[in-house]
2 protein chains.
Amino acid sequence: MNFSSNKEDLLNALQVVQRAVSLKNPLPILSGIKFEAGESGVIISATDLELGISCSFQAEVFTAGQAVLPAKVITELIRRIPDVPIFFKADPVNGSVTVQYGQSEANINGYPVEEFPDFPLPAGDIKFSVQGEDLRELIRQVLFATAKDENRPLYTGVLFEIVSSDINVVATDTHRLAWRKISLDKTGDININLIIPGKTLNELARVTGSSDLPVEITAAENQVIFNAGDVCLVSRLIGGNFPNYRQVIPKEYISRIRLKARDLAESSERAALLTREGSPIIKINISDNSLVVSVNTEAGRVREEMPVFQEGENLQFAFNARYLNDALKAIGTEEVVLEFTGPLSPVILKPVGEMEYLSLLLPVRLREES
Amino acid sequence: MNFSSNKEDLLNALQVVQRAVSLKNPLPILSGIKFEAGESGVIISATDLELGISCSFQAEVFTAGQAVLPAKVITELIRRIPDVPIFFKADPVNGSVTVQYGQSEANINGYPVEEFPDFPLPAGDIKFSVQGEDLRELIRQVLFATAKDENRPLYTGVLFEIVSSDINVVATDTHRLAWRKISLDKTGDININLIIPGKTLNELARVTGSSDLPVEITAAENQVIFNAGDVCLVSRLIGGNFPNYRQVIPKEYISRIRLKARDLAESSERAALLTREGSPIIKINISDNSLVVSVNTEAGRVREEMPVFQEGENLQFAFNARYLNDALKAIGTEEVVLEFTGPLSPVILKPVGEMEYLSLLLPVRLREES
């Protein structure tokens, strides 16, 4: 392997694949980044066996070949090199790579290339594509509702339910649920449920940055592949049956309010300051076109009042302030509608606009009042 | 206590005194901030018993009085309040404070004011002042050489040796030493050694921000007081005799080079990437107007070469790369001069310019070569 590149392209690619490098894994090879130089340029890749990321970049290849270098050393070295042409030359015998820059050079010992796990790119029949910006928005809108607890793997994933040309995207940790529907450009005859790890979607949103290129999604047996320009992510899928989300979304409401999402988010954040850590429970009272956020704890009391547009009954609830804030921040429009079916039934939050999005939040039962 | 203020002034003052709040101390009162409203405005203060910071700010005082509020709650609340007038009203009976903002209010339970430790402001005879910018520069130039190990308290401090109108400022952790000399505007008859905790100077540099107001320094029995505009820091002094720094600074050299500080800093940072964590030892070889930084470890090899202006003998050294970098970054001029008296004697780093500054660094003894 023998190629030259420039700092910016190389560093950018290293930072992208870095996200899949496994630093905790006992297999040392997984802390490496694989370089593959071929006729069409250089591709680098990393994997933690659950998620793999590869990225190609501009390079002049003199000799094809492969090498695996420790991710931290090569990334930090390139980050610290001045903006000069950089030459990579691999020693095919011992696997080390000499990096030349200006008057200087570093010779980095590598890992045996054959130990690097295969980067499986299964050919899948099921293909569809989503604009990068749309994909990042829907990820942002549902990801907060996934469970963080790895003991419940199903809930750490996001359901992509594809029915002909629509995708229902759903996440829930059983305390809350977020649902978003988007339409695919090409109407197809696809009918499949994919449960994609939340971590994969988080990394996908990061590595596609602000690019609005279409992201091509290919579903295979147990895997999903995302192709976005120079970057490719491969992830395992989560097995199991995602809960039937349709039956938990209330169809009717007894009360409905409309207000600025940010006002309620800020009020509930302030009120939560006086709650105990780990239990940020705030009360919300709705009556006569007015909403009151309140907290009364050992640390003190807060009372914040704001005008709302109200339809239906007066009501009182208690919420986990953090959950309420997550939901309000994901709304994506200035105004939000909240629909209530009763003090202990899930509350629905919807944007004011055309978007097919909602999230659902279970109130908390208060000891002193029903 | 009853006053009104605006968000910006209040938040700024809270962020300043926050630096002295003790979150780990078992005394709960030390996690509080004391408010004192009087005729001349409002002063807030915090202390961890070693360092105290107070700050006054613009406020309209309706009733004088005092209160102590939990630092985290009041700071985070003010940070999250919109930019509206804020009213503070203390309940003299239970010590709670009602904070009113817009249509909302928070009532925060306080600590008993009488439990808050006295903020001693001893009157000292010894007073001098230094421009804020000069003070921050000299702190930056010596602070890196203090010891972090609290078991050697003397070395965690910085010596201010005042002889008539000059101050020698010195720090050392016994592996390296930094010395800076500045002249005071007013010639006086002051003759005193102060050992000021490094942490105090670090906080002083932070809380005086970018202000170039003169900082008035008052030395008392065991304490030092810094007055800078609205802000006042009080710190204990460290007792003991600071080592005689003059006798460790070599007076002569056998070899001397001049080069760009940044070139050497960047080279040694890159070379250190291939060293073992915790032992970032790099070699430096000087011969014939050329300096070579090299490393040869299990992880690989680096060799970087740069031109230098050389006087005297060729030499080879080994350094702790982190220590070398700290010293190079503190230089403050584009070019640096290094003076050597032998492969195991301390090396002197000096700026190229008028500044009376130097730092001194002990080389590392290499096993394989002398």
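Every number here is computed from the coordinates shown, using simple stated rules; none is lab data. None of the values given here were measured: they were computed from a predicted structure. All Cβ positions, glycine included, derive from the backbone under ideal geometry; neighbour counts span all protein chains shown.
Data table
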quantity: Rg/Rh for the range A:252-325, where both radii come from Cα atoms and Rh is the Kirkwood radius; calculated: 0.97
quantity: Cut-off 11 Å between beta-carbons: net charge of the residues surrounding residue B:307, Lys and Arg +1, Asp and Glu -1; calculated: -1
quantity: Where labels lie 7 Å past Cα in the beta-carbon direction, separation of residue B:296 and residue B:50 in nm; calculated: 4.4 nm
quantity: Nearest 10 degrees, 0 to 90: helix A:71-80 Cα axis against chain A principal axis; calculated: 80 degrees
quantity: Spacing of the two label points (7 Å from each Cα toward its C-beta) at residue A:185 and residue B:115, in nm; calculated: 6.5 nm
quantity: Peptides A:97-109, A:236-248, B:275-287 ordered by average Cβ neighbours within 10 Å, highest first; calculated: A:97-109, B:275-287, A:236-248
quantity: Potential extension, residue B:164-residue B:287 segment - 0.36 nm per residue separation minus Cα distance; calculated: 39.9 nm
quantity: Nearest-ten-degree value, helix A:132-143 long axis tilted from longest Cα axis of chain A; calculated: 50 degrees
quantity: Lys, Arg +1 and Asp, Glu -1 on Cβ, resulting dipole of chain A about Cα centre, debye, nearest 20; calculated: 1000 debye
quantity: Computed E for residue B:222/residue A:254 - FRET, C-beta separation, R0 45 angstrom, nearest 0.05; calculated: 0.05
quantity: Position residue A:84, label points 7 Å along Cα→Cβ, spacing to each other copy in nm (shortest first, one decimal); calculated: 6.0
quantity: HN-Hα J in Hz across the range A:319-332 - Karplus 6.51, -1.76, 1.60, θ = phi - 60°, x for Gly and Pro; calculated: 10, 6, 4, 5, 5, 4, 5, 3, 5, 5, 6, 7, 4, x
quantity: Inter-copy spacing of residue A:165 label points, which lie 7 Å from Cα along Cα→Cβ, given in nm from shortest upward; calculated: 8.6
quantity: Estimated FRET transfer efficiency when R0 is 41 angstrom, pair residue A:133-residue B:335 (beta carbons, to 0.05); calculated: 0.25
quantity: Derived scalar couplings ³J(HN,Hα) [the range A:149-160; Karplus, 6.51 cos²θ - 1.76 cosθ + 1.60; whole Hz; x for Gly, Pro]; calculated: 6, 5, 6, 10, x, 4, 7, 7, x, 10, 6, 10
quantity: Whole-Hz ³J(HN,Hα) from phi, Karplus 6.51 cos²θ - 1.76 cosθ + 1.60, for the range A:8-25, glycine and proline x; calculated: 5, 4, 5, 5, 4, 5, 4, 5, 5, 6, 2, 5, 9, 5, 9, 8, 8, 5
quantity: The range B:72-190: relative contact order as a whole-number percent, Cα under 8 Å and 6+ apart; calculated: 15 percent
quantity: Other copies of residue A:41: label-to-label distances in nm, shortest first, labels 7 Å along the beta-carbon direction; calculated: 5.9
quantity: Alpha carbon centroid spacing (whole Å) that separates the range B:142-205 from the range B:1-67; calculated: 29 Å
quantity: Structure-based [θ]222 nm, the protein assembly as shown - -39500 (n - 2.57) summed over DSSP H runs of at least 4, per residue, nearest 500; calculated: -5500 deg cm²/dmol
quantity: Label-to-label distance, nm, for residues given as residue A:126 and residue B:210 (7 Å Cα→Cβ offset); calculated: 5.5 nm
quantity: Packing-based ranking, highest mean first, of B:44-53, B:351-360 given that Cβ atoms within 10 Å are counted; calculated: B:44-53, B:351-360
quantity: Efficiency of FRET between residue A:366 and residue B:6 - r from beta-carbon atoms, R0 41 angstrom, step 0.05; calculated: 0.65
quantity: Long-range amide H partners of residue A:124 with built H, under 5 Å; calculated: none
quantity: Within the range B:1-36, backbone nitrogen closer than 14 Å to the virtual label 7 Å beyond the Cα of residue B:91 toward Cβ; calculated: B:1
quantity: Peptide-level mean, for B:96-109, of C-beta atoms on other protein chains within 10 Å; calculated: 5
quantity: Average other protein chain Cβ within 10 Å of Cβ, residues B:267-277; calculated: 4
quantity: Tilt relative to chain B, helix B:198-207 - C-alpha long axis, 0 to 90 degrees, to 10; calculated: 60 degrees
quantity: Relative contact order of chain A, pairs being alpha-carbon contacts under 8 Å that are 6 or more residues apart, as %; calculated: 12 percent
